[in-house]
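Only the coordinates and a few stated rules stand behind these numbers; no lab work does. Quantities reported herein were computed from a predicted structural model and do not represent experimental measurements. Note that we place each Cβ from the backbone using ideal geometry, even for glycine, and neighbour counts take in every protein chain shown.
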Amino acid sequence: MARLKNLAGLRAAGIDPYPARARRTHSIAAARALYAQEGETRQPVTVTGRLRRIRVMGKMSFADLEDGSGSLQLVLRRDALPGDFYDVVWKRLIDLGDFIGATGPLVVTKTGELSVEVQEVQFLSKTLKPMPDKWHGMRDPEKRYRRRSVDLLANPPVRDLFRTRAAIVRAVRTYLDNEGFLEVETPILQPLYGGAAARPFVTHHNQLHQDLYLRISFELYLKRLIAGGYDRVYEIGRDFRNEGVSFKHNPEFTQLEFYEAYADYQDVMRRTEEMVSFVAQQVNGSPLLTWQGQTVDLTPPWRRIPLRQAILDATGIDYENYPDAVSLADAMHRFGHEPDPRSSWGKLVDSLMAKHVEPNLIQPTFLIDYPRDVSPLAKGSPDDPRQVERFEGFLVGMEICNAFSEINDPIDQLQRFVDESYRARHGDDEAHPIDEAYLEALSYGMPPTGGFGMGIDRLTMLFVDADTIREVILFPHLRTVKEEEVAEGELAEGDGEP
RNA sequence: GGGCUCCUAGCUCAAUUGGCAGAGCAACGGCCUUUUAAGCCGUGGGUUCUGGGUUCGAGUCCCAGGGGGCUCACCA
């Protein structure tokens with residue numbers, strides 16, 4: 001391997017291939033700013049970074065140096081460099097991808113490219129693997145996700161994507177902090193899971209001889225904080241759901257939840273559109289986004305459609321006419337659908353929505369007023385016992401958030417949990433377990449509260465025009481490969497060679 | 001989990017009916033003091049994902065396995 005030979009060559013030349021320290025006077029962005037202010041400099045600057053391209057033209061070379069702030073051309077002349085550095089070190093021992101520092105004045109070349117006229121080079125770090133194709137980068141999705149560091153260094157747009165993601169999270173925090181919400185952290189390892197309809201991951205605490213669940217939501221803990229006297233709380237963190245993987249599902253994902261005392265689901269709906277359009281303004285400078293060729297306008301107010309109406313429009317089925325699972329499933333059959341015979345009435349309604357309504361909700365839309373029996377934590381509508389005060393928000397054909405007026409009647413909540421445990425006994429492995437600690441907290445009293453949960457990954461997909469959630473998660477879940485051929489044997493073997 | 005589909009050099013991709021595994025970039029050797037996907041001349045580079053099978057002959061066809069992508073089911 002040529003690079004290992006060059007590594008040994010550097011050592012032989014008395015150059016430490018992995019020094020502990022780098023000197024630099026300017027980031028590349030700062031060097032560019034300096035030029036913008038002062039023009040060509042007499043005083044040398046020192047910039048550091050990775051060599052992305054090298055163009056050797058005999059006794060003179062051009063190279064592109066890249067750091068986290070940008071990239072800058074280096075001009076190296078044999079005559080301007082000390083001793084035989086140019087011929088021996090630069091042309092022989094330094095490879096594409098190596099990190100170096102370069103010192104010299106800022107100049108502009110004949111073709112107008114701002115450059116460092118290099119007088120001195122410090123070697124900073126040796127690269128042993130070849131860089132991916134300089135033009136095509138690395139495209140194979142599997143390679144990109146498994147070797148994300150290579151993806152990031154080869155494909156600059158990917159680096160920008162995760163900056164955007166960070167900006168989104170920052171903007172969400174800014175919004176909620178400004179609105180008086182307190183950011184809190186609640187347990188990820190939970191003795192009892194809850195707050196969503198999903199199967200959990202199970203783990204075990206050895207010393208306590210106790211099985212624990214990785215949380216599927218933050219909901220119940222956050223509401224215990226509302227009961228405890230904080231009026232506005234939020235948490236941004238990871239949820240874990242033991243479910244399938246798809247373009248919009250990763251086993252762990254980033255969730256925002258907030259709870260607001262003295263608010264109902266209508267208040268939360270208004271806050272949702274306000275918050276998301278604020279984020280768009282902060283991150284994007286505009287409420288208009290382009291996603292997969294479609295323009296999405298986040299300007300409030302968003303459309304509000306009762307779930308019943310949306311399903312009626314999309315399928316011709318008015319579920320109010322079929323008040324039980326049997327008759328609704330029968331109606332679905334007649335309209336050419338294939339309902340899961342084990343589903344409850346509410347799950348049938350939900351499946352009609354997911355299949356026939358959700359994919360068409362490109363512009364931001366709230367579906368409101370959900371069936372009670374798929375919403376065990378949502379407060380019932382005063383005028384319809386079968387419905388709850390709940391909404392879900394949709395964008396680009398995906399559900400991005402879910403919210404409701406929270407049940408604060410401990411006896412009502414107990415009854416819902418009992419209903420859920422009935423479902424669990426009849427084979428629903430996503431039924432909500434009874435949470436005594438939560439019920440106890442409610443028994444001490446919780447004000448009327450609006451609650452909200454939103455998938456940050458999916459929101460990010462909209463902002464960065466991604467068509468799969470894997471694109472917006474740095475290390476998405478992939479199966480582990482049997483023999484991950486890490487090049488250790490290869491390295492050890494080659495290292496012995498001169 | 002089911003269905004469909006893909007896996008070839010470090011990277012991006014070719015390879016006719018089943019007939020000598022190739023190109024560009026990268027690497028290596030040479031020329032080159034204003035290039036920016038630099039250029040020109042030359043060289044090396046392969047467990048064609050793995051294991052079986054059919055065949056005179058398999059990257060190509062068949063079977064099993066691994067991994068990816070899409071999709072259905074389920075979940076946010």
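Using a simple charge model, +1 on the beta-carbon of Lys and Arg, -1 on the beta-carbon of Asp and Glu, nothing else, what dipole does chain A show about its Cα centre, in debye to the nearest 20? Spell out each step's value before the answer.
Numbers: 60 positive and 76 negative charges, 527 e Å.
Computed about the Cα centre, the dipole is about 2520 debye.
Largest first and in whole Å, give the semi-axes of segment A:250-370's equivalent ellipsoid, each being the square root of 5 times a Cα gyration tensor eigenvalue.
Sorted largest first and rounded, they come to 32, 17, 14 Å.
I need A:HIS209, A:HIS26, A:HIS333 ordered by Cβ neighbour count within 10 Å, fewest first.
So the ranking, lowest neighbour count to highest, is A:HIS209, A:HIS333, A:HIS26.
Using 1/(1 + (r/R0)^6) with R0 = 56 angstrom and r between the beta carbons of A:VAL56 and A:ASP467, what's the FRET efficiency to the nearest 0.05?
Numbers: r = 41 Å, r/R0 = 0.73.
With R0 = 56 Å, the Cβ-Cβ based efficiency is 0.85.
Can you work out the base-10 log of I(q)/I(0) for segment A:418-463 at q = 0.13, 0.27 1/Å, using the Debye formula on its C-alpha atoms alone?
-0.57, -0.92
Extending each Cα 7 Å along its Cβ direction at A:LEU192 and A:HIS204, get the distance between those two points in nm, one decimal.
Between A:LEU192 and A:HIS204, the simple spin-label model gives 2.3 nm.
Less than 12 Å Cβ to Cβ from A:THR468, Lys/Arg counted +1 and Asp/Glu -1: what total charge do the surrounding residues give?
0
Give the percent of DSSP beta bridges with both residues in chain A that are antiparallel, rounded to the nearest 5.
Values: 76 of 85 bridges.
In chain A, approximately 90 percent of DSSP beta bridges are antiparallel ones.
Using a/c under 1.5 as the rounded threshold, could you call segment A:295-424 rounded, prolate or oblate? The axes a ≥ b ≥ c are square roots of the C-alpha gyration tensor eigenvalues, and prolate needs a/b larger than b/c, oblate otherwise.
Note, shape of segment A:295-424 comes out oblate.
How far is it, in nm, from the label point at A:VAL150 to the one at A:GLN37 when both lie 7 Å from their Cα along the line to the Cβ?
4.1
In which sequence would A:VAL396, A:VAL268, A:VAL107 go, from the one with the fewest C-beta neighbours within 10 Å to the one with the most? Mind showing how you got there, number by number?
Values: A:VAL396 20, A:VAL268 26, A:VAL107 16.
Neighbour counts put them in this order, fewest first: A:VAL107, A:VAL396, A:VAL268.
Pairs of Cα atoms under 8 Å, at least six residues apart: use those to get the relative contact order of segment A:264-324, whole percent.
22
Give me the net charge for the shell around A:PRO44: Cβ to Cβ below 14 angstrom, other residues only, Lys and Arg +1, Asp and Glu -1.
Value of the local net charge: -1.
Stokes-Einstein diffusion coefficient for chain A at 4 °C in a medium of 1.567 mPa s, Rh from the Kirkwood formula over Cα pairs: what value in µm²/s?
Answer, rounded: 49 µm²/s.
Please grab the % of Cα pairs in segment A:35-101 that end up more than 17 Å from each other.
Numbers: 999 of 2211 pairs.
Value for segment A:35-101: 45 percent of Cα pairs lie more than 17 Å apart.
What does the charge count around A:GLY455 come to, taking other residues whose C-beta lies under 15 Å from its C-beta (Lys +1, Arg +1, Asp -1, Glu -1)?
Computed value for this residue: -4.
May I ask for the angle, rounded to the nearest 10°, between helix A:2-12 and the longest principal axis of chain A, with both axes built from Cα atoms and the value confined to 0 to 90°?
Helix A:2-12 and the main axis of chain A meet at about 60 degrees.
Would you list, by chain and number, the aspartates and glutamates whose Cα falls below 15 Å from the Cα of A:LYS248, excluding same-chain residues fewer than 8 positions away?
Once the sequence-local aspartates and glutamates are set aside, what remains near A:LYS248 is A:ASP239, A:GLU358, A:GLU399, A:ASP457, A:ASP465, A:ASP467, A:GLU471.
How far apart, in nm, are two points set 7 Å out from the Cα along the Cα-to-Cβ line at A:THR111 and at A:THR174?
3.9
Counting other Cβ atoms within 10 Å, keep those with at most 16, restrict to DSSP loop, and tell me which trypsin sites (Lys or Arg not before Pro) in segment A:1-86 are left.
Working: sites: A:ARG3, A:LYS5, A:ARG11, A:ARG21, A:ARG23, A:ARG24, A:ARG32, A:ARG42, A:ARG50, A:ARG52, A:ARG53, A:ARG55, A:LYS59, A:ARG77, A:ARG78; in loops: A:ARG21, A:ARG23, A:ARG24, A:ARG42, A:LYS59, A:ARG78.
Of the trypsin sites (Lys or Arg not before Pro), the ones in loops of segment A:1-86 whose Cβ has at most 16 other Cβ atoms within 10 Å are A:ARG21, A:ARG23, A:ARG42, A:LYS59, A:ARG78.
List every residue whose amide H lies under 5 Å from the amide H of A:HIS249, counting only residues 5 or more places away in sequence or on a different chain, with H placed 1.01 Å from N in the peptide plane.
The list, which skips near neighbours in sequence, is A:ILE469.
Going by alpha carbons, how many degrees (0 to 90, nearest 10) lie between the helix axis of A:265-284 and the longest principal axis of chain A?
Tilt of helix A:265-284: around 10 degrees.
Over segment A:189-309, what is the relative contact order in percent, taking alpha-carbon pairs closer than 8 angstrom and at least six residues apart?
17
From the C-alpha gyration tensor of segment A:64-209, pull out the three semi-axes of the equivalent ellipsoid (sqrt of 5λ each), sorted largest to smallest, in whole Å. It would help to have the intermediate numbers written out before the result.
On the way: eigenvalues 449, 94, 51 Å².
Square roots of five times the eigenvalues give 47, 22, 16 Å.
Mind jotting down the distance between the C-alpha centroids of segment A:332-377 and segment A:195-235, whole Å?
Distance between centres, Cα-based: 27 Å.
Name the residue from A:GLY393, A:GLY70, A:THR480 whose Cα lies farthest towards the positive end of the charge dipole of chain A, charges +1 on Cβ of Lys and Arg and -1 on Cβ of Asp and Glu.
Comparing the listed Cα positions along the dipole, A:GLY70 ranks first.
Regarding segment A:4-121, what are the three Cα extents along the principal axes, ordered largest first, in Å?
Sorted largest first, the three principal extents are 42, 31, 22 Å.
Treating the beta-carbon of each Lys and Arg as +1 and of each Asp and Glu as -1, no other charges, what is the dipole magnitude of segment A:258-344 about its Cα centre, to the nearest 20 debye? Don't jump to the answer; show the numbers that get you there.
Details: 7 positive and 13 negative charges, 41 e Å.
I would put it at about 200 debye.
Among A:MET461, A:MET57, rank each residue by its count of other Cβ atoms within 10 Å, from fewest to most, as a rough exposure measure.
Fewest-to-most ranking of A:MET461, A:MET57: A:MET57, A:MET461.
Given an 8 Å cut-off on Cα distances and at least 6 residues of separation, report the relative contact order of segment A:35-86 as a percent. Let's see the in-between values first.
On the way: 60 pairs, mean separation 11.9, N = 52.
With pairs under 8 Å counted, the relative contact order is 23 percent.
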